[in-house]
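Everything below concerns the one structure shown next.
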Amino acid sequence: MSDAPHSHTAPIEQPAERIAELRSRPRRTVLAVPGSSVKMIDKAKGLPVDEVFLDLEDAVAGPAKAEARENVVDALRSGGFVAQTVVVRVNAWDTEYTVADVSEVVGRAGNGIDALLLPKVRTAAEVVALDLVLTQVEKAAGLPAGHIGIEPQIEDALGLTNINEIATASPRVLTLVFGPADFMASIGMRTLTVGEQPEGYAPGDAYHHVLMSILVAARAHGLQAIDGPFLKVRDEEGFRRAAARTAALGFDGKWVLHPAQVDAGNEVFSPRQEEFDKAEGILEAYTHSTSVEGGARGAVMFGDEMLDEASRKMALVVSARGRAAGM
Ligand code: GLV
Ligand code: MG
């Protein structure tokens with residue numbers, strides 16, 4: 001018998017398993033926090049959101065970028081986030097900041113980062129480039145290879161056109177994230193209120209095409225779909241209305257910008273108790289029918305509804321979301 005070294009008790013997690021685990025985490029609420037504000041970062045640590053992202057991009061002015069990196073490194077090193085998933089939004093590839101963001105923040109505090117949010121992604125090559133830089137920085141910093149995910153943000157017409165290539169550009173991709181403010185600007189939508197319907201279009205949903213395209217691409221490639229911000233932070237009803245639309249489509253979650261949006265977001269993107277109970281009931285009915293039929297699963301009656309295998313899959317989705325939400 002050899003003396004096994006004590007330090008090798010935990011198996012090294014393979015990147016594929018790590019990425020699958022990151023993809024499966026709840027993201028009902030994704031809190032945006034400006035990296036330039038130590039006060040807001042400290043406050044963010046205590047908020048009960050599923051994911052938090054520390055922003056080095058549009059919430060931070062050019063002259064404040066370097067200081068924001070320092071704040072973000074400090075915050076990641078000291079930890080203490082209630083959020084299960086901690087992300088950093090680096091600057092887009094059309095700036096002079098992206099490589100320095102990755103090497104500073106991942107190089108010095110990579111252990112505290114689950115993923116990088118990459119804004120304004122227009123082509124798959126931008127995701128590939130981030131993957132390559134990340135791989136180098138991970139190696140140089142002695143971090144496990146491939147453990148940091150990428151969350152591409154779709155924010156303009158070209159990005160939407162290339163969405164399937166973007167979704168599959170790297171095994172690190174976890175989610176597809178909608179950036180409505182930049183998207184509206186890029187297509188020339190006639191409104192200045194992000195998240196609200198543009199005047200003159202209603203009734204109808206001016207975002208339906210882009211939201212459904214993001215959702216379908218995400219699901220086609222086993223990713224999560226995340227809706228972007230609702231900027232009127234004091235209008236809780238407006239936030240709920242916007243969140244309920246994307247939750248109804250099947251989105252996994254939405255950005256929140258303010259503590260007032262947090263509880264509403266967690267609630268809207270969790271199944272209601274009666275939905276969860278019904279899903280559990282359907283799964284239970286299926287288990288029962290399977291044992292009676294000796295393994296064959298056909299149509300089963302559930303109350304006055306006739307259900308089949310597709311109904312069981314829908315129930316599995318609701319049940320998994322409910323369990324992730326602690327139901
Ligand atoms: C977020 O980045 C947005 O542009 O909406
Ligand atoms: Mg944006």
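Computed from the coordinates by the stated procedures, all read-outs in this text should not be read as laboratory data. Only a predicted model underlies this, so the values are computations on that prediction, with no experimental measurement involved. We place every Cβ from the backbone using ideal geometry, glycine too, and count neighbours over all the protein chains shown.
Descriptive notes on the structure:
- Applying 0.36 nm per residue to the separation of THR287 and VAL317 and subtracting their alpha-carbon distance, the gain on full extension is 9.2 nm.
- Gyration tensor verdict on the chain (Cα atoms; rounded if a/c is under 1.5, prolate if a/b is larger than b/c, oblate otherwise): oblate
- The stretch between ALA325 and LEU132 holds 66.0 nm of extra length on full extension. This uses 0.36 nm per residue minus the Cα-Cα distance.
- Amide H contacts under 5 Å for ARG25: none, restricted to partners 5 or more places along the chain or on a different chain, H placed in the peptide plane at 1.01 Å from N.
- Point-charge dipole on Cβ atoms (K/R +1, D/E -1) for the stretch 16-107, about Cα centre, debye to 20: 440 debye
- Cβ-derived FRET efficiency at R0 25 Å, THR168 paired with HIS209, nearest 0.05: 0.75
- Relative contact order [Cα under 8 Å, 6+ residues apart], the chain, whole percent: 14 percent
- Positive-end extreme of charge dipole, the chain - chosen from PRO119, PRO180, ALA66 (charges on Cβ): ALA66
- Distance-filtered residues of the stretch 196-238 - backbone nitrogen under 11 Å, label point 7 angstrom along ASP94 Cα→Cβ: none
- Reach of LYS313 by Cα under 18 Å, taken over aspartates and glutamates that are not fewer than 8 positions away in the same chain: ASP252, GLU274, GLU275, ASP277, GLU280, GLU284, GLU305
- For the chain, share of DSSP beta bridges that run antiparallel, in % to the nearest 5: 10 percent
- Taking each residue as 0.36 nm, the span from THR123 to ARG190 lengthens on full extension beyond its C-alpha to C-alpha distance by 21.5 nm.
- Taking the Cα centre of the stretch 119-233 as reference, the dipole from Cβ charges on Lys and Arg (+1) and Asp and Glu (-1) amounts to some 160 debye.
- Using distinct alpha-carbon pairs, which all enter the 1/r mean, Kirkwood radius of the stretch 24-162 in Å: 15.0 Å
- Inter-label distance for ASN111 and LEU158, nm, one decimal - labels placed 7 Å from Cα along Cα-to-Cβ: 4.0 nm
- Taken about its Cα centre, the chain carries a charge dipole of roughly 180 debye when the Cβ of each Lys and Arg holds +1 and the Cβ of each Asp and Glu holds -1.
- Each helix, a run of at least 4 DSSP H residues, gives -39500 (n - 2.57); summed and divided by the residues of the chain, these come to -13500 deg cm²/dmol at 222 nm.
- Modelled label positions at HIS221 and GLU199, each set 7 Å beyond Cα in the direction of Cβ, lie 3.8 nm from each other.
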